[in-house]
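Structure first, then comments.
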Amino acid sequence: EMADEVIVMYAAQGIEKGSTLQIFDHMAHPYTQGLFAARPSLHQAKEKLHPIKGNVPSAGHFPEGCRFHPRCPYVMERCRHGTVPEFEVQNREHTAKCWLQDGSEESLIQLSRGHK
């Protein structure tokens, strides 16, 4: 209700952006998914929280490749090297810096396996 557009940041880098509805309804980046899974519920007072495993890298010591890869349940070898481009998720306004969104066979297999 407070914003029309959202940019999800991880380790000083925008990793997913789109309208509030796009982000809330179709979380594309594993970090965004982890954030939503880790938030407490207003409806269940003693609900167990699901934190994202691992630690945020210290500023200036970011890993090569995707900055989230050391904590990512879907990590692939290509996530560990180079620059991750922005991929369209639903349309040009909703993008994510995540190889899972490239539509490749490897990404589809990784998504179908679920969390490691």
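A few comments on the model shown:
- Residue list for segment 14-40, filter: of a type in the set (D, E) and modelled with pLDDT under 95: D25
- Residues satisfying the stated conditions in segment 77-93, i.e. assigned to a loop (DSSP other than H, G, I, E, B) and polar (S, T, N, Q): T83
- Residue count for segment 41-81, restricted to those that are on the phi > 0 side of the Ramachandran plot and either modelled with pLDDT of 95 or more or surrounded by 18 or more Cβ atoms within 10 Å (Cβ to Cβ) (or both): 1.
- Only residues that are over 23 Å from F87 (Cβ atoms) and assigned to a helix (DSSP H, G or I) were counted in segment 21-72, giving 1.
- Answer residue from segment 94-111, given it is part of a loop (DSSP other than H, G, I, E, B) and on the phi < 0 side of the Ramachandran plot and is surrounded by the most Cβ atoms within 10 Å (Cβ to Cβ) among those: C98
- For segment 29-41, the criterion of being in contact (Cβ under 8 Å) with a residue 12 or more places away in the chain and more than 23 Å from R113 (Cβ to Cβ) is met by no residue.
The values are calculated or read from the model by the stated rules, or taken from the named source; none is laboratory data. A quick note: this is a predicted structure, and the numbers were derived from the prediction, not measured. Please note: Cβ atoms are built from the backbone with ideal geometry, for glycine as well, and neighbour counts cover all protein chains shown.
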